[in-house]
């Protein structure tokens, strides 16, 4: 595929590793040719690469596919999943999930990304709901503008929530940023 085909969310292969395009920028100058700037995340190591391409450069497409799997539990060095068709269990390392592991819920089905027949990453939904297990009470008078406070959620995540949220409330978080979206 050519470099201009690299859009956000596209996976390509560089240095024998799969990269997910996080940010894509097409730059066209008046006299020169078009250039493409890409910020991409290595799906094996979690490292980030920033690279420029001439629009006519070719990029190797990564051989990846996705399958549904059930999240089981967190073990010493990673997260354990099960293929619901074969009941085969497999491990994805903690570093490969790059902080997204905290948003996994036991028993929940997720989409697992495979590269060269090895599970390497998980596609989480954009938002998840969690119960607030601890937060300080909100105080009257602090509601003039959007005021946030710290809260601890059922999965151990610490998040910033509005003052009206109390213990036992269910909140929706953005799994990409960890930010509060709404009360569920």
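No other residue among 129, 64 is under 20 Å from the mean Cα position of the chain (by Cα) and under 25 Å from residue 157 (Cα atoms) apart from 129.
I need the full set of residues from region 166-184 which are under 15 Å from the mean Cα position of the chain (by Cα) and more than 13 Å from residue 155 (Cβ to Cβ), in order please. Within region 166-184, 174, 176, 177, 179 meet the criteria.
Please verify whether region 94-105 includes one or more residues that are within 23 Å of residue 13 (Cα to Cα) and assigned to a strand (DSSP E or B). Scanning region 94-105 turns up no residue that is within 23 Å of residue 13 (Cα to Cα) and assigned to a strand (DSSP E or B).
Yes or no, residue by residue, for (1) in the same structural domain as residue 46 (by TED's automatic domain parsing); (2) surrounded by 11 or more Cβ atoms within 10 Å (Cβ to Cβ); (3) in contact (Cβ under 8 Å) with a residue 40 or more places away in the chain:
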| residue | (1), (2), (3) |
| --- | --- |
| 103 | no, yes, yes |
| 114 | no, yes, yes |
| 133 | no, yes, no |
| 136 | no, yes, no |
| 156 | no, no, yes |
| 162 | no, yes, no |
| 165 | no, yes, no |
| 170 | no, yes, yes |
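Of the residues examined, residue 97 is not one that is in contact with a helix residue (DSSP H, G or I) (Cβ under 8 Å, 6 or more places away or on another chain), surrounded by 14 or more Cβ atoms within 10 Å (Cβ to Cβ) and within 23 Å of residue 22 (Cβ to Cβ).
Counting only strands (runs of 3 or more DSSP E) that sit wholly inside region 1-75, not one has at least 3 residues that are surrounded by 14 or more Cβ atoms within 10 Å (Cβ to Cβ), assigned by TED's automatic domain parsing to the domain that holds residue 91 and in contact with a helix residue (DSSP H, G or I) (Cβ under 9 Å, 6 or more places away or on another chain).
The values are calculated or read from the model by the stated rules, or taken from the named source; none is laboratory data. This structure is a prediction, so every number in the text was calculated from the model and none was measured. Glycine also receives a Cβ, built like all others from the backbone with ideal geometry; neighbour counts cover every protein chain displayed.
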